[in-house]
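Let me begin by presenting the structure, written as structure tokens, before commenting on it.
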Amino acid sequence: MNIKDKKIVVAGLGTTGFETALFLSKKGVDVYLTESKITEDISKNISILQSKNIKTEVGGHTEKFVSDMDILV
């Protein structure tokens, strides 16, 4: 399966979600990461992801953010 140029939503910003988002971004994927919680560690990771042009949403999972996705991880 060719995932380049796909919109992939990663749900959750634990260790696995964080590393998955970085990996997919390096592969040329349009990555969106959504996290329901807001903590200090999550805020730090959000800053790192945003610096890599990964779109992020915290504090909930909105329909608008995940619409038109090709894959949910």
For segment 5-24, name all the residues that are of a type in the set (Ser, Thr, Tyr) and at pLDDT below 95.
THR15
When residues of segment 40-58 are filtered for being in a loop (DSSP other than H, G, I, E, B) and either in contact with a Phe, Trp or Tyr (Cβ under 9 Å, 6 or more places away or on another chain) or exposed (fewer than 11 other Cβ atoms within 10 Å of the Cβ) (or both), how many remain?
2
List the residue pairs whose Cβ atoms are under 7 Å apart, where the first residue sits in segment 55-73 and is farther than 20 Å from SER43 by Cα, the second is in a loop (DSSP other than H, G, I, E, B) and modelled with pLDDT under 90, and the two are 6 or more positions apart or on different chains.
ASP70/LYS6; ILE71/LYS6
Within segment 18-39, of all residues that are among the polar types (S, T, N, Q) and not in a helix (DSSP H, G or I), the one surrounded by the fewest Cβ atoms within 10 Å (Cβ to Cβ) is THR39
When ASN2 is evaluated against the numbered criteria (1) among the polar types (S, T, N, Q); (2) part of a loop (DSSP other than H, G, I, E, B); (3) at pLDDT 95 or above, which criterion, by number, is the only one it fails?
(3)
Just to be sure I understand the filter: pairs with C-beta atoms under 7 Å, separated by 6 or more residues or on different chains, first member in segment 1-17 and surrounded by fewer than 18 Cβ atoms within 10 Å (Cβ to Cβ), second member of a type in the set (Phe, Trp, Tyr) and assigned to a strand (DSSP E or B). Which pairs pass?
LYS7/TYR32
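The values are calculated or read from the model by the stated rules, or taken from the named source; none is laboratory data. Fair warning: this is a prediction, and the values are worked out from it, not measured in the lab. Using ideal geometry, Cβ is built from the backbone for each residue, glycine included, and neighbour counts are taken over all protein chains shown.
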